[in-house]
Each structure stands twice: as structure tokens, then as C-alpha cells.
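Colleague: Here it is: the structure, laid out below.
Please treat every number below as a calculation from the coordinates, not as lab data. Everything numeric here is computed off the predicted structure, so don't read it as measured data. Reconstructed Cβ throughout: ideal geometry from the backbone, glycine too, with neighbour counts over all protein chains shown.
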Ligand SMILES: [Zn+2]
Ligand SMILES: [Zn+2]
């Protein structure tokens, strides 16, 4: 049974829908659509993959909309043949924002909910299109008792591509309460943009140097729902570039995600921040599923395997991934230059593989644990990206800012521009390269894998021995009683000081 539900589609599918549902005569129109499931750990998303528009004689337009049973059977047949679910969308031409079910629409959708599940094996998705601002409302019809189908309302409907437009169900996810801490922020982009930004469920994958800075900015900006993913422990050599981390955290063997959660709660300007921590890699099955619950992900990892998993989430599951990276060019203690980049992997934009952010040939080596094997790393050429270790906080700060700018542009679209391309910044010349083209023509991500969701034929997840070792070492360290006593005292102190 689906308890938390969402709908997502590409900008391309959304444009196709808008073109069909906006009638010149202002009447309501309708269409069946095909969808595939994308299952997270707590939320299920219906990915709308295609339309099955009505033929001339299959639609009856008379103020409200109606259709022939031949149309329903034809659409259900196509859905079953393609292994998809069936959805039904009708328009409210003059409405805006989230559309709830009225009694007439409830009765209409309920009348074919049972047949839909019989014919396709998947529950009926009902959607209402608000014609005035091209937004949607959505629900899934599930069986609660024999012959009794009940709609579960979606939390949001996400349209992903050049822009990221999310329509929220105000009942399930109410707009944030206004606080006097955000006056300046809201004066920059207005309450509507703030309501959209604050309600996004954002995941930060990798809460190291770049990720921790991103966490700080998201919390100050008023985002209310954050999830952090990292299996690492804070170490002394992180302290030169890990915001909020202290010597004490090193001594107490704290997980990086715990530092991130503590920081987010302290810095939050929103009234009700919800933070979830996952001591997992996104390549572990539970980590991947938890990432699939997010609306958008920040990628702050530098390894090929998690990047490959995130690339799949971006295109097959329609969760945009804001990625970045740093390369420092140093030789014998001299700084020759530095580069940092930021881009968004999303339908219609270049993916991380096409941008050269990881080499798919390295993924099997990482899965076999070779990238954590010092002998394997020593065998790589000296300038190999996997051997480079130089990093400086100032470059992390630049990369974090560049990624946050990509995020802000995609969600708020200043002057109507949501996609400014992939950016590569050069320290030595002070210049920025912009890449506007999308994926290579043969790329499977912005191609055959698009919107496949759970039906993706390859497995990207698996056991991650480095993550398992890090968690085991942390558990073992914390079992030592002086450390436990210190942690308990720390916890008490934090509570006394109110966090
Ligand atoms: Zn209606
Ligand atoms: Zn690509």
C-alpha cells in the first residue's frame, strides 16, 4: 500500500500535456497517460512517461469532460502491453495551483479504478491540470476493501528539466510559517519562491567539506526537510576544511552526518526543520532508496560509483542532481592553478558521464574495493584524478557556492532563465567555461533509461566494504566506556545549552 505519494515528469512530457489540455474553446479536456513506479524507502513516485490522447470520437466534451469506454480499454491495453500503469488527467481550464478532487471527479475516477488495476496490475493515478498556471494535483486510487477504492493524495507534482517546478499539496505539506529571521531572504525573491524552496525535500550526498557548506546555506535559507548521506567519521585531517567540526568531534568519533544534522538544526531559520541522517552510501540499497525519497539531491562525492548511482537517479527517477567538483593543480608545493565546476544532471541537460565527471570504466574497480586498496592507487599514473588528494577550504567554498547557484537558478529562474549550462571555473585565468549542450547522442541516461524508475534493467547498488568498515570502526570505538561517558556528557551539555 502506498502511503506517501508523488508524481514526476520531464519538461518534455509536461509541454506535450499542456499542448493537449489547453483547448482553444476553454472547455475541459482530458487524456490517459502511462506511468512507471519509482519506489523510495518511504515514498512512491509515479513517473509519467507518455500520453495516450483520445481520438476524435473517443472524447465527449460538454462543459465537463467524458470519454467512451472504448478509449479507456484502448489506453489500458497500451499500458499493459508496455508494462506501464494507467493515469487519467483532466483539465480545470481557469484554475490555479494544486487541484483537489471535487465530488464529480471523485465519482468519475472511482468508476474505473478497479478495472484499471485488473487490466494493468498497477493502481489508477488521477490528475487534475490547472489551466491558468499549468500546475497539477494528483492522487493514487488503492483498494481499501472489496470493491472500495480510495484516493491517496500526492504530496507534490514535480516537473524536471531546464527548470524544476514543483506544485505542493498545501494540505499535506503546508507553506512554511513566516518567521522574522527570513525578512531579507524573502525580500530577495518573494514569498511564493520561498514557499517553493522551503518545502523541497533536499538530500545532501556527502557531508564533507563542500557538503557541509551546502547544508549551512540550505538551513539558513529556510529549507525545512533535509536528508544527509555519509558513512564517514570526522578525522583530524578534515578539520582544516570541515565547517562546524571540532577536535572534540574527532575524539568522540562522530559521524559526519551527525555534525551536519547538529549544524542544520542550529542554523535553521525555518520554523520546523526536519533532518534525517543516513550513515550510508547512495550505492548501498538502503541509501539509494532513501535518496529516491528526495525531490532534489546535491552530489558532494568524488568517487565514480556513487556518481554513477546519482546519474541514474537524475534521469531514470527524475530527481535532479546538483553536482560539482574541485581539481587543484599543485606540483612540489607550488600552486599552479585550481578548477571547480558545477552543473545539474537532469533531463535535457548533460549528464555527469557526458560531462566527464566520472569514467564508467572505474565503477567496476570501485565495486571490487580496488579504489580503497593503496597498492591499486599507487599503480595509477601520478596525475590520475583518483590519486589527487590536494584540497583547500577556499576552493570547497567556491564549489559549494557554484552548486548552490545552479540550484537557485533552476528553482527560481531569474528573468525566466533556469538553465545557464554547466560551469567550469579557472582560478589561474579568472574565467568561466559554460557548456550548454546536453548529452552525447548515444548517451543512455538522457535516452533509453529516462523515466524507467524501478524498471531499469541494471543494478547499480551493492555491498560497499569501505562504508561497512567505517560504520564498524565507529561502533567499536563508541563501545569503549571512556568515550561513552564523554558522549553522554556531551549530549547532556548540548541539551542544557538548548541543542
Ligand atoms: Zn474536474
Ligand atoms: Zn549523458
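Colleague: If I histogram all Cα-Cα distances within the range 362-499 using bins 10 Å wide from 0, what percent of pairs lands in each bin?
Modeller: Spelled out bin by bin, the range 362-499 gives 8, 17, 26, 29, 16, 4 percent.
Colleague: Then there's this: Starting from the Cα-Cα distance between residue 27 and residue 133, subtract it from 0.36 nm times their residue separation and give me the gain in nm to one decimal.
Modeller: Residue separation times 0.36 nm, minus the Cα-Cα distance, leaves 36.6 nm.
Colleague: Just from its helices, what would the mean residue ellipticity at 222 nm be for the chain, if runs of 4 or more DSSP H residues each count -39500 (n - 2.57) and the sum is divided by every residue, rounded to the nearest 500 deg cm²/dmol?
Modeller: -10500 deg cm²/dmol
Colleague: I would also like to ask the following. For the Cα atoms of the chain, what angle does the longest principal axis make with the long axis of helix 209-221, in degrees from 0 to 90, nearest 10?
Modeller: Helix 209-221 and the main axis of the chain meet at about 50 degrees.
Colleague: In nm, to one decimal, how far is the residue 73 label point from the residue 286 one, both placed 7 Å along Cα→Cβ?
Modeller: Simple spin-label model gives 4.9 nm for this pair.
Colleague: Can I ask one more? Which number comes out as Rg/Rh for the range 158-208 once both Rg and the Kirkwood Rh are worked out on C-alpha atoms?
Modeller: Dividing the radius of gyration by the Kirkwood radius yields 1.01.
Colleague: When 112, 164 are ordered from fewest to most other Cβ atoms inside 10 Å of their Cβ, what list results?
Modeller: The order, fewest Cβ neighbours first, is 112, 164.
Colleague: Cα axis of helix 256-267 to longest principal axis of the chain: angle in degrees, 0 to 90, nearest 10?
Modeller: Computed tilt is about 70 degrees.
Colleague: List residues of the range 437-473, by number, whose backbone nitrogen lies under 17 Å from a label position 7 Å along Cα→C-beta of residue 235.
Modeller: It comes to 465-473, nothing else.
Colleague: Let a ≥ b ≥ c be the square roots of the eigenvalues of the Cα gyration tensor of the range 39-131; is it rounded (a/c under 1.5), or, if not, prolate (a/b larger than b/c) or oblate?
Modeller: Since a/c reaches 1.5 but b/c is at least a/b, the shape of the range 39-131 is classed as oblate.
Colleague: Calculate how steeply helix 304-315 sits against the longest principal axis of the alpha-carbon atoms of the chain, using the helix alpha-carbon long axis, and give the answer as 0 to 90 degrees to the nearest 10.
Modeller: 20
Colleague: If you build the convex hull over the alpha carbons only and average its shadow over all orientations, what do you get for the range 183-472? Give it in nm² to one decimal.
Modeller: 15.9
Colleague: Applying 1/(1 + (r/R0)^6) with R0 = 51 Å to the Cβ-Cβ distance of residue 469 and residue 104, what FRET efficiency is obtained, to the nearest 0.05?
Modeller: After rounding, the FRET efficiency stands at 0.30.
Colleague: For the range 260-341, what is the largest minus smallest coordinate of the Cα atoms on each principal axis, given in angstrom and ordered from greatest to least?
Modeller: Ordered largest first, the range 260-341 gives principal extents of 47, 34, 21 Å.
Colleague: What is the Cα radius of gyration of the range 5-168 over 2.2 N^0.38 Å, N being its residue count?
Modeller: 0.95
Colleague: Note the full-extension length gain between residue 181 and residue 458 as 0.36 nm times their separation in residues minus their Cα-Cα distance, in nm to one decimal.
Modeller: 95.1 nm
Colleague: Sort 144, 317 so that the residue with the fewest other Cβ atoms within 10 Å of its own Cβ comes first and the one with the most comes last.
Modeller: With the sparsest Cβ surroundings first, the list reads 144, 317.
Colleague: At 4 °C and a viscosity of 1.567 mPa s, what translational diffusion coefficient does Stokes-Einstein give for the range 114-180, taking Rh as the Kirkwood radius over Cα pairs? Give it in µm²/s as a whole number.
Modeller: 92
Colleague: Can you tell me how much longer the chain between residue 479 and residue 246 gets when fully stretched, taken as 0.36 nm per residue apart minus their C-alpha distance, in nm with one decimal?
Modeller: Full extension from residue 479 to residue 246 adds 81.8 nm.
Colleague: When averaged across all projection directions, what area in nm² does the alpha-carbon convex hull of the chain cover?
Modeller: Its Cα hull, projected and averaged over all orientations, spans 26.6 nm².
Colleague: Distance between Cα centroids, the range 428-466 to the range 212-290: provide it in whole Å.
Modeller: Using only Cα atoms, the two centres lie 25 Å from each other.
Colleague: A further question follows. May I ask you to sort 256, 389 by Cβ crowding, counting other Cβ atoms within 10 Å and putting the fewest first?
Modeller: Ranked by crowding around the Cβ, least crowded first: 389, 256.
Colleague: Could you give the alpha-carbon Rg of the range 198-289 over 2.2 N^0.38 Å, rounded to two decimals?
Modeller: Normalised by 2.2 N^0.38 Å, the Cα Rg of the range 198-289 equals 1.02.
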